[in-house]
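Values quoted throughout were computed directly from the atomic coordinates according to the rules given, and no laboratory measurement underlies them. Owing to the predicted nature of the structure, the values given are computational and were not obtained by experimental measurement. Cβ atoms come from the backbone with ideal geometry, glycine included; neighbour counts cover every protein chain shown.
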Amino acid sequence: MTKKGKRSPADRGTRRQEQASRRGLRASLYAASALSLALAGVFGARAALSPSAKSSPTPATRGVPRAVATSTAYKGGRVGVGTLIRASYEIRNEGGADLLLGPPSIRVEEGCCPPTPVLAKARIRPGERTTLSLAALMHQGMAGPHLFVIEVPTSDPDRPVLTFTFEAEWVE
């Protein structure tokens, strides 16, 4: 610069080069951004269409628990009096919120002396599982067929109660 604040011809040339350089840099950044967005769109669409892509929870399971029992019936067959039979049932939460399980109740449909059902845990996080188990033992005088129905209250709005059966015949 000169003393009066005017630019010399050399300064003006340098300034033009700087401006051209900035314009080139700006253009390069715009091009790189556009390329990045295009690639993200292509790969994002490809991942979404991929058969191996994990599905997100359906609107029905997002934010609500979903109780699933893999097997609800246990048949112990014929066993001798004095034989202990153990049964367990798996309960999974395939929903998007914690599944709460209430205390199980048991009723006798046939036979006598119902065992006490036990839940391993009463709160199941999404994707986790727990077990409901019971052990039955009949002594002399208790022989015959036995059928117990176990009900477990749940916080699943579609399955407020899970029902399980336990069946066995003790013989003398």
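In region 125-172, which residue that is under 29 Å from the mean Cα position of the chain (by Cα) and charged (D, E, K, R) is surrounded by the most Cβ atoms within 10 Å (Cβ to Cβ)? Looking at the filtered set, the residue picked out is ASP156.
Does GLY144 count as out of contact with any helix residue (DSSP H, G or I) (no Cβ under 7 Å at 6 or more places or on another chain) and either polar (S, T, N, Q) or more than 11 Å from ALA67 (Cα to Cα) (or both)? Spell out how you get there, then give the answer.
Details: out of contact with any helix residue (DSSP H, G or I) (no Cβ under 7 Å at 6 or more places or on another chain): yes; either polar (S, T, N, Q) or more than 11 Å from ALA67 (Cα to Cα) (or both): yes.
Taking the combined requirement at face value, the residue satisfies it.
Residues in region 102-118 that are assigned to a strand (DSSP E or B) and closer than 14 Å to PHE164 by Cα: SER105, ILE106, ARG107, VAL108, GLU109, VAL118.
Look at region 66-86: where a residue is under 25 Å from LEU101 (Cβ atoms) and a partner is not in a strand (DSSP E or B), sitting 6+ places away or on another chain with Cβ atoms under 7 Å, you get ARG66/GLU94; ARG66/GLY95; ARG66/ASP156; ALA67/ASP156; ALA67/ARG159; VAL68/GLU94.
Inspect all residues belonging to region 106-127 and state whether any of them is closer than 30 Å to GLU172 by Cβ and in contact with a Cys (Cβ under 9 Å, 6 or more places away or on another chain). Within region 106-127, none of the residues are closer than 30 Å to GLU172 by Cβ and in contact with a Cys (Cβ under 9 Å, 6 or more places away or on another chain).
Taking region 103-121 on its own, how many of its residues are of a type outside the set (Val, Ile, Thr) and surrounded by 15 or more Cβ atoms within 10 Å (Cβ to Cβ)?
Filtering region 103-121 down to residues of a type outside the set (Val, Ile, Thr) leaves 103-105, 107, 109-115, 117, 119-121.
Add one more test, that the residue is surrounded by 15 or more Cβ atoms within 10 Å (Cβ to Cβ), and what stays is 104, 111, 114-115, 117, 119.
Number satisfying all stated conditions: 6.
Number of residues in region 148-172 that are without any contact (Cβ under 8 Å) to a residue 40 or more places away in the chain and either among the hydroxyl-bearing types (Ser, Thr, Tyr) or closer than 16 Å to SER71 by Cα (or both) equals 1.
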